[in-house]
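First up is the structure itself, then whatever we jot down about it.
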């Protein structure tokens, strides 16, 4: 995981890095600062270079340890809250004698299990029939 | 922005004429709104007529209907990812991958996985690959009266197609993968970094949510390119909102992008754990329903389509596939497009898909 690849001045703060990178991009694209006469084309070019810099830095930031740790923490907190909500709702529904999502899932699992068992049995029966047919055919030929 | 180009101010500050020009332009664009709203109500996606020929649980196998005479014995079955809707491959006129095959006389099918409900959270890769996909393949074989079919897998559907082709090689005549990840060893993709076990507890997520929620998947994909998806896209729309053709394409794409569906919990868990985190597929260590997935079992002709600028499935995740299979007839086409551009880009439809059809035609028996 690269933490600082693509940054013009590793070690400086992200804000400075972003603007340094942006002005470098402007210079390499031949954009004078400030422009003597700002045309639509020049505005478009500046905007494009600005967004390119932003994208590059956003990608770098989203690979950084700080972002990943924050993402994990936010997700853990979100999941803990959701779990608490689920449990509360389940208890409330159970208290009101109403079926919960868990109950519906349970029924689906039971039906699937039953279907699997029936299909397995059918396959087993098919195999036996095939064996018996094979024996009968070989008996006739013999 | 065609007005107010004269420079009266100094530096980058806009001149009063430019400000006036922008206001006038904004006023003109406001007049385009009623037309845009009308177009938004008429958005049509999935243009090639189709009908379901097989159903199982929530799945529908669609066969595309056409007046074009069937020219090849071997049909094509398209397998899309479980994350979005499959009509991206048949989005709008001139942007339909499916129509290329249909117009060349291939009997073409597409799997619409349907939307998993909470009760489907236990469906795993075993169910999708060895049950649903296998039943669809058998249906297509039976309908076409052939032993082997052509398989085209896109994105996660490509990974699943690779798994299937390795597990049931006797049923596949040609395999085409389209931006399909098979090797998750690198860290080119942000998704790869985000799903590392130290930052992402997939077990906990599935335990709490049941399925991988659509809103969560949608926001993750959006965050991969935040500047493009949250700023540039809207500016681009504003600048082109008077262009009818642009608006139609934009709305069709937005319809698809916002039509996310949840992914069955167990499948999501297995995919993240065994593919993203442990990278078992390319190493030949992945097991689907107690059967080992050995890519060396794939001996049919392979066409691997790689999108050069793919931020979701970077080339490093797709390219190793051809070296991992047992086929001798294998080809890679790296095309300058993004992940979705491969399916809907004008250039892809002009240059890539005719080539893909040629490749398939050369390897298909004519009637």
### Query
Of the conditions (1) more than 23 Å from residue A:80 (Cβ to Cβ); (2) assigned to a loop (DSSP other than H, G, I, E, B), residue B:199 fails just one. Which one is it?
(1)
### Task
Take the stretch B:209-228 and flag every residue that is facing chain A (nearest Cβ under 8 Å) and closer than 17 Å to residue B:270 by Cβ.
B:209, B:210
### The one condition in (1) in a helix (DSSP H, G or I); (2) in contact with a helix residue (DSSP H, G or I) (Cβ under 8 Å, 6 or more places away or on another chain) that residue B:61 fails to fulfil
(1)
### Task
Those residues that are outside any loop (DSSP other than H, G, I, E, B) and within 15 Å of the chain's Cα centre (by Cα), I need them from the stretch B:83-115; list them, please.
B:86, B:87, B:88, B:89, B:90, B:96, B:97, B:98, B:110, B:111, B:112
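Residue B:309: over 30 Å from residue A:109 (Cβ atoms) and in contact with a strand residue (DSSP E or B) (Cβ under 8 Å, 6 or more places away or on another chain), yes or no?
On the way: over 30 Å from residue A:109 (Cβ atoms): yes; in contact with a strand residue (DSSP E or B) (Cβ under 8 Å, 6 or more places away or on another chain): no.
In short, no.
Yes/no matrix, rows are residues, columns are (1) more than 8 Å from chain B (Cβ to nearest Cβ); (2) surrounded by 13 or more Cβ atoms within 10 Å (Cβ to Cβ); (3) modelled with pLDDT of 90 or more:
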site	(1), (2), (3)
A:58	no, yes, yes
A:65	yes, no, yes
A:81	yes, no, yes
A:87	yes, no, yes
A:97	yes, no, yes
A:100	yes, yes, no
A:114	yes, no, yes
A:130	yes, no, yes
A:134	yes, no, yes
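The values are calculated or read from the model by the stated rules, or taken from the named source; none is laboratory data. Not measured: the values here are computed from a predicted model. We place every Cβ from the backbone using ideal geometry, glycine too, and count neighbours over all the protein chains shown.
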